[in-house]
Each structure stands twice: as structure tokens, then as C-alpha cells.
Amino acid sequence: MSEQISINKNENLVEITHLKKWFPVQQNFLDQILAGHVDFVRAVDDVSFTIKRGEAFGLAGESGSGKTTIGRLAIGLEKPTAGKVMFDGIDLSSLESEELRKLRRRMQVIFQDPMASLNPRMCLGDSIAHGLKIHYPEKIAEHRDITLSIMEKVGLTPPHFFFTKYPHQISGGQRQRVVIARALITNPDLILADEPIAMADVSVRALLLDLMVQLKNELNLTYLFITHDLATAKYICDRIGILYLGRLAEMGDLREVYGHALHPYTQALMAAVPVPNPHERRTQVMPAGEIPNPINPPSGCRFHPRCPVAQEICSKDEPELRALRPGHWVACHYAEKFL
Amino acid sequence: MMSNDKVLVQVRNLSVNYHTRLGPVSAVNDVSFDIYRGEILGLVGESGCGKSTLGKALMRMIMPPAKISSGAIIFDGEDVMKFDQKRLRDFRGRRISMIFQDPMTSLNPVQRVDEHLIEAIQVHEPKTVLENAQERVRTLIGRLGIQERRLRDYPHQLSGGMRQRVMIGLGLILNADLIIADEATTSLDVIVEAKLVDQLREIREEFGLAILVITHNIALVAEIADRIAVMYAGQIVELGDITNIFDNPLHPYTIGLLSSVPSIKLDDHEELYKMSGEPPNLTHPPSGCRFHPRCPEAMPLCSRFCPNMEEVVPGRWVHCWLYQDHPQKERSTIKVKA
Ligand SMILES: Nc1ncnc2c1ncn2[C@@H]1O[C@H](COP(=O)(O)OP(=O)(O)OP(=O)(O)O)[C@@H](O)[C@H]1O
Ligand SMILES: Nc1ncnc2c1ncn2[C@@H]1O[C@H](COP(=O)(O)OP(=O)(O)OP(=O)(O)O)[C@@H](O)[C@H]1O
Ligand SMILES: [Mg+2]
Ligand SMILES: [Mg+2]
């Protein structure tokens, strides 16, 4: 009974509230004195969202919008400037470093570049088993069998053959499978996948995506899936948040957001993605300008200087995320226009 | 067939090898195709299939230990392989120009934008007086949507999208006939990329030059190109009109590739096609047709003989045994309807 309650209570595996991360800008001492203050990059500037257990939550946005920083904050690799991250009901900021280290078993990471995240001098089996050594040293006798079975699961077959190979001896797609296996070895609840397949070739990507979906269902995983590729997100994410300059412009069920984008930025972003069909070429004109500097983001709504529907209020008041349709939030003063 | 005055570049049986510690890498193998005047031709293929090598070969920018081992490149009726160094330098600046993924590698960090452009004019057209050169630069820059005050900036002061426009400008300032854009939009954000795509389209309309768009982004080619060449493991496997190929791909690799491209449209395919295997290492390319180990249609002869690039219907070339006869073939040859 009591266990039932605790499971219900934490239906949200991750809860992020009013999260901020400001990085001080590297300046020399003289500049600081002359300016009289330190400038900050507002990498993440008041972001709130939750990830339900078993769901794949996507974070999309252009380069520098804060995706990676949010991911790192979400698993405690970075400390927030303000705001809170709750993981399965536990406030990460309340943890001692040893407790956080233990909790890491339950949150693992897959990064973009498998070559950079694998030790070139360690055989694949040892790389994959690394998490077991850290978190389950007492079970050393079982490490090899657990490793072989996870290798089998991610399609590194026959696993005995791959166990003794080194990263340079296998293909790019296989390396990405090694990285996935290494993340799964500790039986985590949450996988932070930061552009996990961006480096893979088109013909290899589909298989990797399919593998990630399959593993998620089979192992009841929760994903925080970070990507700048909205087309790829469609094949894996249940819900998605669209970031612009460190803030969520829009968030909701993926089919909702893609089907009825309410924020002018999301609309532009979606229109900009080319469709693999020469009969459906884009006719929309793209918004002017480029992403502004995150050190001094525009006042009011950060998108207002580029926004086709901006009015005076947009340069003054920062719009809050509000629910305009079921399961669909948007931060725009004029989103009703697009309902 | 296109009449010859429409053809700008003819590439015939071109092969390029890199020489490495592990032996020769057959990066481009017996490739033949034309580039038409004023067209946008998309060259797509996966990482390492030889796109950049082919692009550089068109400019004869293949440096030892790599070598163009055979073949011909006829540019506007002239044999580029016969050019001496002086001709080649002039050819590269004036007739053909290349834009790379990272423009910082081609821009001089201590040279302002206007200096780059003026220098290009002065090197290739030494008789031009400075005022005229400056005037031409100002007109062009306005045309490219770069503000005049940006002329005084150094490359590092520009955004990625702006740098690529300067690179385009370097091609346009001398009225090149062909711009090769090698992953030129790849590191840009999608909105900036979309704007650059619009710009390339407008430039083609206005200046009538041909653009070879080299990319691994197939959706981008669907967006911009008139024709598409699909490359696999050093060979062009299919070439033709963009809509024909998307509507009715013929080569099994093209068929698989096109159905594995994710689409943002909700009503487009829910499932991506999952091609088996991975592209081969080109130090040891597969025998016969290089795609045969991954091909769902492979026949016994495919591993033994390399097919030809054949024009199966006018304007449509395929490099596959399914569409050509061979005495040792068990299956009947597929006849493609125009
Ligand atoms: N350690 C750091 N110190 C200073 N600034 C940082 C640091 N990490 C990130 N930033 C800045 O914070 C902003 C957000 O960066 P972040 O890496 O989170 O973006 P992103 O959305 O992941 O981008 P990309 O798509 O390029 O990976 C950027 O302006 C970046 O320069
Ligand atoms: N300098 C070099 N020395 C040896 N081999 C090389 C060199 N440059 C390229 N290659 C090899 O030649 C083949 C073709 O490379 P190329 O760069 O032309 O491919 P690409 O299609 O442009 O790939 P990408 O999409 O990654 O840019 C690859 O197998 C590559 O490993
Ligand atoms: Mg990132
Ligand atoms: Mg390349």
C-alpha cells in the first residue's frame, strides 16, 4: 500500500521549476572594473517543465538556446543559479556529492560523438561495464554476463566478438550502440540523450532511432531527448519543448505542437525545416535577423525583434507560458491569433 | 538528350584515389555526369562516399598523395586536365568557386570583407581601377543582403550565415559559371539555412550560374535542386530530375535512402525504412556493384560485375543491374517507362 502511494506520488520522474543558469562572461580584470559589473550569459532563464515516467520529452531549439545546459542541470552535472530540479521526488540541491553520485546510477547520458566519449585504449566490453564497477563493485562476478546481455540487447552481436574489440575497430553506428549499452548497464530510469544520432548517417540513423524506441518500451525508460532536428524528434518524442534564448517558447504533446504551432517562433522553425518532397517546397518567408546575443537578450519577449506579429507590449512584457489548448503551452501575447 | 550548348561541365570516367598507409582509397570511381548551365544540381550521399573529393576534383584541387587517376573534365568545352598552373589559378577564381562548411578556412582572418572582394577582382582582372572594383563590391553586397557597414568587418565579427554570404559573394563578384557549395549550410541553424537556400535560389535566377549543392541532407536537396545525383561508396548510382527521382526512385540504394529520411510533416510516413549494414570502407570496396552487400535485390552477378551508368529513359541514369542486360543475369531486365 505504502509503495503504491509512493509510485503514484512520483508519476513525474523529473520536475524542473524556474530553472536558471547564468554563466559569468570571461572578462579581464580591467574590463570588469571599467564596466563596474560582470556580464552573464543567460543560458537558461526561468524554465519549468516535467517529464513523466516512461515518457520521451524532447528539447529542441537552435544552437545556443540552452538545450545542453538544461540537460546537464537536469541530472545534476551542473548547479543551477536559481530554481529547482526534482528527480523522483528528490531535490538534487539537497544532496551531498556522495548521494548525488549514487543517484547517478539512475540517470545516464548518451552524447553526440561516440568517438569522443569512448576511451580509445579500453576494449568495448570494459567500457560498457564501467558503470557496473562504480555502482555495483560487490557484484563483480556477474559483470561479464550482464555486459554481454546488454550488448546483445543493443545489437552488438555476437557479443563475445565485440567485447574484446576497440573503438577504432568498429563502425560509427556500432560505436553509438556501445555508448547506448554503456548508458543502460546500470539499469537507469532516465536517459539524457544529447543529440544522440546527429553524427550518424541517414541510413544508419533509422536503425538507431528504432533501437532507442524499442529499448525505451522494453526497459520502461524515460528520455530527455535533446535535438536541433525537429524532423528526427517526431519519431521518438511524446512531448516537446521549443527553446529560444534560454526560455521555453512553446511546449506540449508533440503532435499538438507540430500540428498547431502557436508561437510565431515555432511556426518559423517548423517552416524552415526542409521536407523531403520536391512537390512541397517552402514558400514562407523566413524571419529577419539571427539569434541575438544571450548576454543582453531583447527586452520583453525575446523573439520580438524578429517576430512578424509583434506589437508594442511584446518589447515590454515578457510573456509567461500559458495553456491555450489541452496539453499545449505557449509563451506569446498574441498566440490566440493562431488558435 | 540535352544539346551541348546547355552543358557546362562534362565529367567522364573520373576516378580519384587517396594513397594511405593502409593502401589506396578509391574515393571516386569511374564517375560520369554533366552539369547544365544555370541548374542547381544536388549531390547527396552519406559520410565518406566521396562527395567532397568529387567536388574538389572538378576544380583540380586534389593534392598529392591523392591523385586523379583517370578521366576527363570538360568545362565549357575546355579540357581542365590539360590546364597548366597559371590557367588553373585563373580558372579557379573566375569560372568556378567553392564554398565550404567552415568558411573561416577560406577567409583570411586579418582581411576585411571588402578587402577580400576587391582583392578577388584585382587578382583576376588587374586592369580594373579601384573605384570600379569598390562600386561593384557595394552593389553586390547590397544584392546579398549584407549591410554596407559590414564591409569593414573582419570575418570573425560576422555570424555564420553572414560569412557564407561573403563566400557566395566571392564567387559572384567575378561572375563564376559554377559555384560548388560543399555542406555550405550544414553548420547553420535551420532558419539561417533556409534563408541561405532562398538566397542561392535567387542568385541562380538572377545571375544564371550553375550551383552544385553537395550535402548529406536529402531534404535540403528536395527543397532546392533541379536535379539530383545520388552517390554511394565512390560512385554515382542514380541521376536525374529531382521530382522523377523522388516520385519513382529506381536504384535500390536510392529507394532505401529516400524512405529513411525523417520528415517533419505529421502525416508523412510514421516508420522510417531501416537499411541494413553501413557504408563500406573505401580501402576495400566491395567487388562488383559496391552496394551489393546491403542490397535487398542483389543477384549473383552483382558481386562479380560492376554495372554501367545507363540512361534508362531520357535524362535518367541508373547504375544497377536490375535495369541492364548481362548474359549471366537470371532475372529479366526491368524496362523503365518514361
Ligand atoms: N560553461 C559555460 N560557460 C559559459 N557559457 C556557457 C557555458 N556553457 C554554455 N554556455 C553558453 O550558454 C548558452 C547555451 O549553451 P548550450 O550549450 O546549453 O546550448 P545548446 O542549445 O545545447 O546549443 P547547441 O545546439 O549548439 O549544442 C550559449 O550561449 C553558450 O555559449
Ligand atoms: N586526405 C585524405 N586521405 C586519405 N583518405 C581520405 C582523405 N580525404 C578523404 N579520404 C577518404 O576518401 C573517401 C571520400 O571522402 P570525402 O571526404 O570525399 O567524402 P564525403 O562524401 O565528402 O564525406 P562527408 O559527408 O563526411 O564530408 C572517404 O573514405 C575518406 O575516408
Ligand atoms: Mg548542445
Ligand atoms: Mg565532405
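The values are calculated or read from the model by the stated rules, or taken from the named source; none is laboratory data. This is a predicted model, so every value here is computed, not measured. Positions of Cβ are backbone-derived with ideal geometry, glycine not excepted, and every protein chain shown enters the neighbour counts. To get the accessible areas, we keep the full protein, side chains included, count just its heavy atoms, and leave off ligands, DNA and RNA. Shrake-Rupley method; radii C 1.70, N 1.55, O 1.52, S 1.80 Å.
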Taking Cα atoms, the helix A:172-184 axis meets the longest principal axis of chain A at an angle in degrees (rounded to 10) of 80 degrees
Kindly state, as a whole number, the per residue volume in cubic angstrom of the convex hull around the alpha carbon atoms of the protein assembly as shown. 203 Å³
For B:Lys67, what accessible surface area do you get with a 1.4 Å probe? Give it in Å², rounded to 10. 120 Å²
Can you tell me the order of B:106-116, B:178-188 when each peptide is scored by its average per-residue count of other Cβ atoms within 10 angstrom, highest first? B:178-188, B:106-116
Tell me the carbon and sulfur percent of the accessible area for the range B:72-196, rounded to whole percent, probe radius 1.4 Å. 49 percent
Determine how large the accessible area of A:Asp126 is when every protein chain is in place; take a 1.4 Å probe and give Å² rounded to the nearest 10. 60 Å²
Which whole number of Å³ per residue matches the convex hull of the alpha-carbon atoms in the range A:123-209? 95 Å³
Quick one: in chain B, what % of C-alpha pairs are over 24 Å apart? 58 percent
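Using the Cα centre of the protein assembly as shown as the reference point, and only Cβ charges (+1 on K/R, -1 on D/E), how large is the resulting charge dipole? Debye, rounded to the nearest 20.
Details: 77 positive and 82 negative charges, 241 e Å.
The calculation lands at about 1160 debye.
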Which lysines have a Cα less than 27 Å from the Cα of A:Lys133, not counting those fewer than 8 places away in the same chain? A:Lys79, A:Lys102, A:Lys153, A:Lys165, A:Lys216
Comparing B:Ile264, B:Ile228, B:Ile146, which has the greatest mean-square fluctuation in the GNM of chain B with Cα pairs linked when under 10 Å apart? B:Ile264
Have a look at B:Leu301, B:Leu140, B:Leu272 and tell me which one the Gaussian network model of chain B (Cα, springs below 10 Å) gives the largest fluctuation. B:Leu272
Using alpha-carbon positions, what is the distance between the centroids of the range A:37-116 and the range A:228-285, in Å? 23 Å
Proximal charge balance of B:Gln134 [Cβ under 14 Å; K/R count +1, D/E count -1]: -3
Charge-dipole axis of chain A as Lys and Arg at +1 and Asp and Glu at -1 on Cβ define it, positive-most pick from A:Ile33, A:Tyr235, A:His263: A:Tyr235
Given charges at Cβ of Lys, Arg, Asp, Glu: chain A dipole, positive-most of A:Ile90, A:His168, A:Leu13: A:His168
Principal axis box of chain A, alpha-carbon based, largest edge first, Å: 67, 56, 55
Rg to Rh quotient for the range B:141-295, alpha carbon positions, Kirkwood Rh: 1.03
Label points 7 Å out from Cα along the Cβ direction at B:Tyr154 and A:Asn187: separation in nm? 5.8 nm
Excluding same-chain residues fewer than 8 positions from B:Lys56, which lysines have a Cα within less than 16 Å of its Cα? B:Lys67
Label 7 Å along Cα→Cβ of A:Phe161; the range B:293-310 residues with amide nitrogen under 20 Å? B:293-296
From the helices alone, meaning DSSP H stretches of at least four residues, give me the mean residue ellipticity at 222 nm for the protein assembly as shown, per-run term -39500 (n - 2.57), in deg cm²/dmol to the nearest 500. -9000 deg cm²/dmol
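Note the direction-averaged projected area, equal to a quarter of the hull surface, for the Cα convex hull of the range A:3-151, in nm². Walk me through the intermediate numbers first.
Values: hull surface 52.1 nm².
Averaging across all directions leaves 13.0 nm² for the Cα convex hull.
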Chain A, accessible surface, carbon-and-sulfur percent (1.4 angstrom probe): 52 percent
Counting Lys and Arg as +1 and Asp and Glu as -1 over every other residue whose Cβ sits under 14 Å from the Cβ of B:Leu196, the net charge comes to -2
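What accessible area per residue comes out for chain A, rounded to a whole number of Å², with a 1.4 Å probe?
Ligands and nucleic acids excluded, the figure is 45 Å² per residue.
So with the 1.4 Å probe, I'd like the accessible area per residue for chain B, rounded to whole Å². Don't skip to the answer; put the middle values down first.
Details: 14590 Å² over 338 residues.
Accessible area per residue, chain B: 43 Å².
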Before we go on, tell me the buried accessible area for the B/A pair, both chains summed, 1.4 Å probe, in Å² to the nearest 100. 3900 Å²
For the range B:231-338, which whole percent of the accessible surface, found with a 1.4 angstrom probe, sits on carbon and sulfur atoms? 51 percent
Nearest-0.05 FRET efficiency for B:Met61 and B:Thr139 at R0 = 25 Å, using Cβ-Cβ distance, is 0.30
Using heavy-atom solvent-accessible surface (probe 1.4 Å) with all chains present, what is the largest-first order of B:Glu148, B:Glu205, B:Glu125? B:Glu205, B:Glu148, B:Glu125
Which of the lysines could a cross-linker bridge to A:Lys316, judged by Cα under 20 Å and excluding same-chain residues fewer than eight apart? A:Lys337
Along each of the three principal axes of the Cα atoms of the range A:228-339, give the extent in whole Å, ordering the values from largest to smallest. 40, 31, 27
